[in-house]
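First the structure, in the form of structure tokens, and then the observations on it.
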Amino acid sequence: MSKVLYFPFLSLCLLLCLISCKKADPDPDPLQLLTGKVWQMNEIRYLQNNTSYYYKRGGNGNNVNFDDAIIKFNLDGTGTTNWQGNSVSFTWTFVNNDKTKIAYTLSSGDIRLINWDNVTYSESMLTYTESYLRNGTNSLAQASRTPR
């Protein structure tokens, strides 16, 4: 009697092992996540000229407006950013092999080189620390973006 139950039990255990041992999904490629979407500003806080600024999409208490701020990175190392009715093209590159640092150079304006550090990527969020020099003054920001 025990041999009769042994084979179905063994078959069931083998089936459960095959079903539960699923190969883990690979980490999404940062390049594909970065270039595959148009990113809108979700939240940003920054310090410029000893003044603090804050914006949260749909939030109250914002003292700066980023409702129309978007950025698009292209696979060929170019891109476009739009904010307050201005569209500016740029070139960009990953600064390190981990793809957690990005530098992009705007084609015009009083801010030319922008650095993103500590970049994290997901399908639904892009977060980073931003730094740049504007009119001789350093600026530092922490920001997150979501797909538009």
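Would you mind finding the one in D117, D110 that is of a type in the set (D, E) and either touching a Ser or Thr at 6+ places or on another chain (Cβ under 7 Å) or more than 15 Å from R134 (Cβ to Cβ) (or both)?
Every option except D117 fails the conditions.
As an exercise: evaluate N50 against (1) at pLDDT below 95; (2) of a type in the set (S, T, N, Q); (3) farther than 20 Å from N138 by Cα and give the number of the one condition it does not meet.
(3)
Can you list the strands (runs of 3 or more DSSP E) lying wholly within the range 86-132 that have 3 or more residues being aromatic (F, W, Y) and surrounded by 14 or more Cβ atoms within 10 Å (Cβ to Cβ)?
So the answer is 86-94.
Quick one: T81 ticks every box in (1) in contact with a strand residue (DSSP E or B) (Cβ under 6 Å, 6 or more places away or on another chain); (2) under 14 Å from S144 (Cβ atoms) except a single one, so which number is it?
Of (1) in contact with a strand residue (DSSP E or B) (Cβ under 6 Å, 6 or more places away or on another chain); (2) under 14 Å from S144 (Cβ atoms), only one is false for T81: (2).
Out of the range 94-148, which residues are closer than 14 Å to Y46 by Cβ, aliphatic (A, V, I, L, M) and touching a residue at least 60 places away in the same chain (Cβ under 8 Å)?
Those that are closer than 14 Å to Y46 by Cβ, aliphatic (A, V, I, L, M) and touching a residue at least 60 places away in the same chain (Cβ under 8 Å): L140, A141, A143.
Report yes if D98 is within 17 Å of G36 (Cα to Cα) and among the acidic types (D, E), otherwise no.
Answer is no for this residue.
Are any residues in the range 54-85 part of a strand (DSSP E or B) and touching a residue at least 12 places away in the same chain (Cβ under 8 Å), and if so, which ones?
Result: Y55, K56, I70, I71, K72, F73, T78, G79, T81, N82, W83.
Taking the range 89-147, which residues are modelled with pLDDT of 95 or more and of a type in the set (D, E, K, R)?
Those that are modelled with pLDDT of 95 or more and of a type in the set (D, E, K, R): D98, K99, K101, D117, E123, E130, R145.
Would you pick out the residues in the range 54-102 that are of a type in the set (F, W, Y) and out of contact with any helix residue (DSSP H, G or I) (no Cβ under 7 Å at 6 or more places or on another chain)?
Matches in the range 54-102: Y54, Y55, F66, W83, F90, W92, F94.
Just the residues that are surrounded by 14 or more Cβ atoms within 10 Å (Cβ to Cβ) and within 17 Å of K72 (Cβ to Cβ), please, taken from the range 133-148.
A143, S144, R145, T146, P147 - these are the residues of the range 133-148 that are surrounded by 14 or more Cβ atoms within 10 Å (Cβ to Cβ) and within 17 Å of K72 (Cβ to Cβ).
Taking the range 110-127 on its own, how many of its residues are at negative phi and either in contact with a Pro (Cβ under 7 Å, 6 or more places away or on another chain) or of a type outside the set (V, I, T) (or both)?
12
The values are calculated or read from the model by the stated rules, or taken from the named source; none is laboratory data. Remember, it's a predicted structure, so these values are computed and weren't measured experimentally. Counting neighbours? That spans all protein chains shown, and the Cβs are built from the backbone with ideal geometry, glycine included.
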